[in-house]
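Quick notes on the structure that follows.
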Amino acid sequence: IFLEYQQMDESYEVLREAAVTMPEDDGLPVVDLNALREINPEIVAYLYVPDTNISYPVTQGKDNDYYLHNTFENQPNIAGCIFMEGMNTPDFQDYHTILYGHNMKNLSMFGSLKKYKTEDFYKDHQFFTIYTSECAYRYQIFAYYDVPETDEVYTVGFAPDETFQKFIDKMKQKSYDDTGVNVTKDDHIMTLSTCSTTGKRFVVHAVRIGEHALEK
């Protein structure tokens with residue numbers, strides 16, 4: 001297991017050197033998604049959560065099993081990689097998009113998400129960015145809590161209607177903290193999901209609050 005952790009860390013270090021340019025100030029990185037897709041055409045985006053270990057490419061396989069135990073380089077590894085729900089569209093235009101990642105003990109993958117169970121952590125870690133080949137999408141986290149593995153929170157395919165609004169309202173009601181972030185049925189939301197205790201998962205929900213086109 002230690003060897004696989006080491007291999008994973010080395011792979012991501014090489015990837016970031018090749019495709020991710022970190023700013024000298026506190027700004028956002030510049031991501032070359034085309035360079036990432038030369039490594040693996042199933043990479044659909046790059047996820048960056050400031051001041052955490054979460055800075056990874058996002059893959060989407062033909063099912064939700066392959067990338068549980070394979071890296072973005074298609075190499076077997078216990079850590080797998082971050083991947084999108086197979087039923088989502090890869091352009092992030094669904095009203096509810098889900099990303100999955102393992103809850104690693106060394107805080108890699110989605111291991112850092114458990115820190116949101118501490119209220120103080122949320123205050124300084126409310127935002128993250130998704131990079132596609134077209135846009136950089138900015139999100140603000142509005143809810144986080146534990147759910148059963150079969151919870152309805154893993155539903156996708158919504159339209160901007162009252163059913164979706166009720167779905168969002170349930171998310172806010174279940175949250176461990178009232179973040180005060182307003183979310184409506186017309187918004188695009190994203191769920192980050194990872195393992196929690198036995199039979200449960202920890203989910204973090206965020207709403208898209210902005211976007212800007214990327215230079216070609």
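Brief remarks follow.
- Test: residue in the range 61-73 that is part of a strand (DSSP E or B) and either within 21 Å of Tyr144 (Cα to Cα) or not hydrophobic (A, V, I, L, M, F, W, C) (or both): yes
- Candidate set: the range 181-203, residues that are assigned to a loop (DSSP other than H, G, I, E, B) and at pLDDT 95 or above; chosen: the one nearest to Val58 (Cα to Cα): His188
- Within the range 6-47, the set of residues being open to solvent by 30 Å² or more (accessible area, probe 1.4 Å) and at pLDDT 85 or above comprises Val30, Asp32, Asn34, Arg37, Glu38, Ile39, Pro41, Glu42.
- The numbered conditions (1) assigned to a loop (DSSP other than H, G, I, E, B); (2) of a type in the set (Ser, Thr, Tyr); (3) in contact with a Phe, Trp or Tyr (Cβ under 9 Å, 6 or more places away or on another chain) are all true for Tyr56 except (1).
- Each residue in the range 46-95 was checked for being without any contact (Cβ under 8 Å) to a residue 24 or more places away in the chain, out of contact with any strand residue (DSSP E or B) (no Cβ under 7 Å at 6 or more places or on another chain) and not aromatic (Phe, Trp, Tyr), and 3 of them qualify.
- The selection criterion, being open to solvent by less than 60 Å² (accessible area, probe 1.4 Å), in contact (Cβ under 8 Å) with a residue 24 or more places away in the chain, under 20 Å from Ser112 (Cα atoms) and over 15 Å from the mean Cα position of the chain (by Cα), holds for Ser196.
For every residue, the table says whether it meets (1) in contact with a Phe, Trp or Tyr (Cβ under 7 Å, 6 or more places away or on another chain); (2) not hydrophobic (A, V, I, L, M, F, W, C).
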site	(1), (2)
Glu119	no, yes
His125	no, yes
Tyr137	yes, yes
Ala143	no, no
Thr150	no, yes
Lys166	no, yes
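- Residues being in contact (Cβ under 8 Å) with a residue 12 or more places away in the chain, among the hydroxyl-bearing types (Ser, Thr, Tyr) and open to solvent by 60 Å² or more (accessible area, probe 1.4 Å) - total across the range 157-190: 1
- Residue, farthest from the chain's Cα centre (by Cα), within the range 54-79, restricted to residues that are open to solvent by 10 Å² or more (accessible area, probe 1.4 Å) and among the aliphatic types (A, V, I, L, M): Ile78
- Exactly one residue out of Asp124, Asp51 is under 26 Å from Gly27 (Cβ atoms), touching a His at 6+ places or on another chain (Cβ under 7 Å) and surrounded by fewer than 16 Cβ atoms within 10 Å (Cβ to Cβ): that is Asp51.
- Members of the range 145-165 that are assigned to a helix (DSSP H, G or I) and farther than 25 Å from Gly199 by Cα: Glu162, Thr163, Phe164, Gln165
- Hits in the range 80-96 - residues which are over 23 Å from Thr197 (Cα atoms) and open to solvent by less than 30 Å² (accessible area, probe 1.4 Å): Asn88, Phe92, His96
The values are calculated or read from the model by the stated rules, or taken from the named source; none is laboratory data. Computed from a prediction, not measured in an experiment: that's the story for all the values here. As a convention, Cβ positions derive from the backbone with ideal geometry for all residues, glycine included, and neighbour counts pool all protein chains shown. Just so you know, the surface numbers come from the protein's heavy atoms only, side chains and all, with ligands and any DNA or RNA stripped out. Shrake-Rupley method; radii C 1.70, N 1.55, O 1.52, S 1.80 Å.
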